[in-house]
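J.: One structure coming up, written as structure tokens, with questions to follow.
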Amino acid sequence: MERRAFFKLIGISAAVAAGGTAYACSSGHGMLSLVPTAEDSSAYRIANDPQVSFSSEVDVLIVGSGIAGLSAAMAPAEAGHSVMVVDKLDLLGGESFSSNGIMRVSGSAFQKAAGIDTTAIEAWDARKQELADEGVPDIEFAKRLFVTAPDWIDHLVDTYQVELADPRAYVKGGGLSTVLLPKNGLGDMESFMVPLRNGLANKGVAFSTGLQAVAFIQDGGGAICGMRLLAVKNQAVSDIRAKRVVVATGGFASSQPLIHAYVPNQEQVASYTFASMGEGQMLCSGVGGKLAGMDKAGPLTGRVPQSCAWGMFAPAVIVDLAGKRFAREDDVNAAADACHADDRGHWWTIFDKQLIESS
């Protein structure tokens with residue numbers, strides 16, 4: 001006779017908990033107690049009985065389908081493990097799909113083939129100073145990402161046929177040699193993410209959109225054994241059993257409660273993100289995850305994000321309404337950050353004819 005399993009749901013809000021009621025379940029289900037996350041202002045209301053009932057099982061469940069989520073799917077999929085990627089948006093790719101597509105990479109084989117021989121270690125000191133100026137809290141973690149980025153991008157090109165722009169096209173005009181772009185330049189994430197998605201699908205990765213993660217599922221010993229998902233459109237509940245759960249849900253720039261709690265000086269500043277609400281951070285904190293860098297909100301940018309990046313690829317100058325230069329041009333966030341810090345209202349980006357033609 002199969003031993004009865006016992007499960008705990010961590011992350012459902014107090015509005016759903018209804019006093020922390022436990023439900024006895026038959027074999028294959030479980031006993032469930034609902035525990036709200038600390039300071040979670042979200043109210044995920046689940047209408048039906050909240051007992052745990054796994055509808056499917058995978059080796060790895062990845063929450064978030066942006067660059068981080070899809071990259072996290074590569075190694076387990078290539079090793080033959082079953083992988084599922086879910087996203088609360090209807091669009092696979094999350095906010096990464098609408099991003100500028102600027103990737104900080106030095107030392108990749110792709111760049112070397114274009115005659116750019118700078119290694120990641122050689123480029124790190126300059127990048128380290130930029131990150132320090134931006135107030136990035138964990139420089140060592142940023143370094144690990146930077147020095148492993150060349151292998152990551154080469155793997156994407158070789159294994160998934162991701163298409164990139166030839167860096168010679170902008171380096172010869174004075175653009176940065178330490179960045180890469182998708183095939184058709186700024187904002188062309190389709191040529192980057194579609195091949196990656198298709199390649200992962202060919203390796204057996206399953207994708208589901210319109211599903212929001214609302215709670216971790218823990219077994220009787222306290223180990224995480226799955227995730228409860230809520231369909232955004234009809235509020236239907238799905239419990240997925242997983243040996244490993246990866247949370248890649250982005251930041252919290254669109255969450256006014258979290259901005260108010262952690263970065264109150266930016267509470268009245270608009271953000272170009274539209275889905276980064278911080279649910280992933282709050283869910284992880286409910287199972288012992290330690291939050292870090294929460295006092296650094298999402299980076300600010302202009303209303304047209306692409307225009308803020310032009311100075312990285314061709315001659316440009318950023319000036320205020322009086323014609324005075326006030327921010328560096330090779331940083332996509334510098335102008336907006338300076339405007340906010342100095343209470344400026346507007347700025348102009350002036351670029352030369354070469355940039356117009358190359359864009």
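The values are calculated or read from the model by the stated rules, or taken from the named source; none is laboratory data. Since the model is a prediction, treat every value here as computed from it, not as a measurement. Every residue, glycine as well, gets a Cβ built from its backbone with ideal geometry; the counts of neighbours run over all protein chains shown. Side chains included, ligands, DNA and RNA excluded: accessible areas come from the protein's heavy atoms. Shrake-Rupley method; radii C 1.70, N 1.55, O 1.52, S 1.80 Å.
J.: Out of all the residues in the stretch 330-348, which are at pLDDT below 80 and either buried (at least 18 other Cβ atoms within 10 Å of the Cβ) or within 25 Å of the chain's Cα centre (by Cα) (or both)?
T.: Residues satisfying the conditions do not exist here.
J.: Here is a follow-up. Can you name the residue in the stretch 113-127 that is in a loop (DSSP other than H, G, I, E, B) and without any contact (Cβ under 8 Å) to a residue 40 or more places away in the chain and, of all such residues, is surrounded by the fewest Cβ atoms within 10 Å (Cβ to Cβ)?
T.: If we filter the stretch 113-127 for residues that are in a loop (DSSP other than H, G, I, E, B), which is where we start, we get 114-119.
Cutting the leftovers down to without any contact (Cβ under 8 Å) to a residue 40 or more places away in the chain gives us 117, 119.
On the way: D117: 11, T119: 14.
Among those residues, the one meeting the criterion is D117.
J.: Among what's in the stretch 128-144 and is free of Cβ contacts under 8 Å to residues at least 60 places away in the same chain and under 17 Å from T118 (Cβ atoms), pick the residue that is surrounded by the fewest Cβ atoms within 10 Å (Cβ to Cβ).
T.: Our first condition is that a residue be free of Cβ contacts under 8 Å to residues at least 60 places away in the same chain; within the stretch 128-144, this holds for 128-129, 131-133, 139-144.
Narrowing further to those that are under 17 Å from T118 (Cβ atoms): 128-129, 143.
Details: K128: 15, Q129: 10, K143: 16.
Among residues in the stretch 128-144 that are free of Cβ contacts under 8 Å to residues at least 60 places away in the same chain and under 17 Å from T118 (Cβ atoms), the one surrounded by the fewest Cβ atoms within 10 Å (Cβ to Cβ) is Q129.
J.: Is it true that L200 is touching a residue at least 24 places away in the same chain (Cβ under 8 Å) and either out of contact with any Pro (no Cβ under 9 Å at 6 or more places or on another chain) or assigned to a loop (DSSP other than H, G, I, E, B) (or both)? Give the derivation first.
T.: Numbers: touching a residue at least 24 places away in the same chain (Cβ under 8 Å): yes; either out of contact with any Pro (no Cβ under 9 Å at 6 or more places or on another chain) or assigned to a loop (DSSP other than H, G, I, E, B) (or both): yes.
It is true that L200 is touching a residue at least 24 places away in the same chain (Cβ under 8 Å) and either out of contact with any Pro (no Cβ under 9 Å at 6 or more places or on another chain) or assigned to a loop (DSSP other than H, G, I, E, B) (or both).
J.: Can you work out which of the residues in the stretch 210-244 that are in contact with a Leu (Cβ under 8 Å, 6 or more places away or on another chain) and in a loop (DSSP other than H, G, I, E, B) is farthest from G69 (Cα to Cα)?
T.: Ranking the qualifying residues of the stretch 210-244, first place goes to A236.
J.: Restricting to the stretch 226-273, and then to whatever is more than 20 Å from E95 (Cα to Cα) and among the basic types (K, R), can you tell me which residue is least open to solvent (accessible area, probe 1.4 Å)?
T.: Only one residue tops the list, namely R228.
J.: Another question about this same structure. Of all residues in the stretch 197-226, how many are touching a helix residue (DSSP H, G or I) at 6+ places or on another chain (Cβ under 9 Å) and either among the β-branched types (V, I, T) or within 15 Å of I62 (Cα to Cα) (or both)? Lay out the reasoning, then the answer.
T.: Applying the first criterion (touching a helix residue (DSSP H, G or I) at 6+ places or on another chain (Cβ under 9 Å)) to the stretch 197-226 yields 197-200, 203-205, 207, 212-216.
Then drop every residue that is not either among the β-branched types (V, I, T) or within 15 Å of I62 (Cα to Cα) (or both), which leaves 197, 200, 204-205, 207, 212-216.
Summing the residues that are touching a helix residue (DSSP H, G or I) at 6+ places or on another chain (Cβ under 9 Å) and either among the β-branched types (V, I, T) or within 15 Å of I62 (Cα to Cα) (or both) in the stretch 197-226 gives 10.
J.: Here is a follow-up. Pick from the stretch 71-97 the residues that are outside any helix (DSSP H, G or I) and either closer than 17 Å to N198 by Cβ or among the hydroxyl-bearing types (S, T, Y) (or both): which of them is nearest to the chain's Cα centre (by Cα)? First the steps, then the outcome.
T.: In the first step, residues of the stretch 71-97 are kept if they are outside any helix (DSSP H, G or I); the result is 79-93.
Still in the list and also either closer than 17 Å to N198 by Cβ or among the hydroxyl-bearing types (S, T, Y) (or both): 82-85, 87, 91-93.
On the way: S82: 22, V83: 18, M84: 17, V85: 13, D87: 11, L91: 14, L92: 12, G93: 9 Å.
That would be G93.
J.: Another question about this same structure. Going by the structure shown, is G101 of a type in the set (G, A, S), more than 21 Å from the chain's Cα centre (by Cα) and in a loop (DSSP other than H, G, I, E, B)? Before the answer, list the steps.
T.: Numbers: of a type in the set (G, A, S): yes; more than 21 Å from the chain's Cα centre (by Cα): no; in a loop (DSSP other than H, G, I, E, B): yes.
Answer is no for this residue.
J.: Assuming R168 fulfils every condition listed in (1) open to solvent by 20 Å² or more (accessible area, probe 1.4 Å); (2) touching an Asp or Glu at 6+ places or on another chain (Cβ under 6 Å) apart from one, which condition is it?
T.: In the conditions (1) open to solvent by 20 Å² or more (accessible area, probe 1.4 Å); (2) touching an Asp or Glu at 6+ places or on another chain (Cβ under 6 Å), R168 misses (2) alone.
J.: Here's something else I'd like to know. Read through the list (1) in a loop (DSSP other than H, G, I, E, B); (2) crowded, with 20+ Cβ neighbours inside 10 Å, then give the number of the only condition that G174 fails.
T.: Failing condition for G174: (2).
J.: Taking G286, is it modelled with pLDDT of 80 or more and not hydrophobic (A, V, I, L, M, F, W, C)?
T.: yes
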